[in-house]
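Please read the structure below before turning to the comments.
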Amino acid sequence: MLVLLALVLLPAVVSACHTSELHQSFGFWAWAHLARGLSLIALLLFLLWRNGEPLGRIGWRFRGRDLLLGILLFVLWWLIQRKLPSVLFRAGLTGTPGSAFVSHPEGLAAAVLCAATLVAVVVWEESFFRGYLLLRLRGLGANAVVALLASALLFSSQHGYQGQVGLVLTGLLGILSGAVYLWRKNLTAPIVMHLLLNLAAFYPVLWPLFRLLHALKITG
């Protein structure tokens with residue numbers, strides 16, 4: 001767990017110091033996050049295999065009924081994040097919550113790269129911050145509330161480039177996802193909610209891919 005925490009916290013510090021030029025580079029953002037997500041997923045799988053722990057141990061149990069719960073949570077959070085930032089700004093917090101880059105590239109290649117990155121990020125973040133980390137913290141003696149707050153804080157630290165408002169929003173999202181995970185004992189709903197939120201945030205980039213899939217469905 002200490003190795004994983006070190007690999008997670010170092011990029012978090014870097015993200016808080018990102019320059020605006022890096023924010024505007026979609027290619028840098030996508031390839032960096034895709035490589036990091038896939039690498040950390042592989043490391044997490046290796047650690048589980050070495051310890052003889054099945055994927056179900058960290059919540060990888062698909063439950064169809066939790067798909068609807070994930071969709072409902074997405075709608076709930078989408079409504080919250082439309083109103084809450086203005087409240088936080090009025091309270092004196094600063095930041096620019098949103099995607100990691102300013103300009104939205106166009107084209108099918110960018111859409112495919114973006115989709116692959118989003119899936120890798122969601123799988124990694126939910127598997128580690130909600131599944132693996134909560135499990136390890138509870139094993140170290142932390143109660144559910146302490147473990148939940150600690151995992152949400154670490155999850156929030158990954159979004160330092162969004163400023164104070166972004167940190168608060170992602171921290172609250174981490175608490176919500178973690179609470180649902182502890183309640184349902186699986187990652188289905190948190191993954192569905194997280195993925196839908198990312199798809200909504202990156203819809204302009206993903207539009208060519210959605211259009212292609214729609215055309216294939218019609219012709220098929």
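The values are calculated or read from the model by the stated rules, or taken from the named source; none is laboratory data. Note that this is a predicted model, so its numbers are computed, not measured. So basically every Cβ, Gly included, is an ideal-geometry build from the backbone, and we count neighbours across all protein chains shown.
Filtering the range 36-75 to residues that are within 25 Å of residue 183 (Cβ to Cβ), of a type in the set (Phe, Trp, Tyr) and modelled with pLDDT of 90 or more leaves 60, 74. In the range 55-62, the count of residues that are in a loop (DSSP other than H, G, I, E, B), touching a residue at least 60 places away in the same chain (Cβ under 8 Å) and either in contact with a Lys or Arg (Cβ under 9 Å, 6 or more places away or on another chain) or among the charged types (D, E, K, R) (or both) is one or more. Scanning for something in a helix (DSSP H, G or I), surrounded by fewer than 16 Cβ atoms within 10 Å (Cβ to Cβ) and modelled with pLDDT under 90, does the range 138-159 turn up at least one residue? Yes; the residues of the range 138-159 include at least one that is in a helix (DSSP H, G or I), surrounded by fewer than 16 Cβ atoms within 10 Å (Cβ to Cβ) and modelled with pLDDT under 90. Within the range 57-88, the set of residues being of a type in the set (Gly, Ala, Ser) and surrounded by 12 or more Cβ atoms within 10 Å (Cβ to Cβ) comprises 59, 70. Selection within the range 170-195: residues that are within 12 Å of the chain's Cα centre (by Cα) and of a type in the set (A, V, I, L, M, F, W, C). The member of this set that is surrounded by the fewest Cβ atoms within 10 Å (Cβ to Cβ) is 195.
From the list 154, 167, 182, the lone residue that is over 19 Å from residue 95 (Cα atoms) and among the hydrophobic types (A, V, I, L, M, F, W, C) is 182. Being surrounded by 21 or more Cβ atoms within 10 Å (Cβ to Cβ), in a helix (DSSP H, G or I) and of a type in the set (A, V, I, L, M): is that true of residue 111 here? So residue 111 fits the description; yes. Of the listed requirements (1) in contact with a helix residue (DSSP H, G or I) (Cβ under 7 Å, 6 or more places away or on another chain); (2) without any contact (Cβ under 8 Å) to a residue 60 or more places away in the chain; (3) among the aromatic types (Phe, Trp, Tyr), residue 183 misses just one: (1).
Every condition in (1) at pLDDT below 90; (2) within 22 Å of residue 36 (Cβ to Cβ) is met by residue 173 except one, and the failing one is (1).
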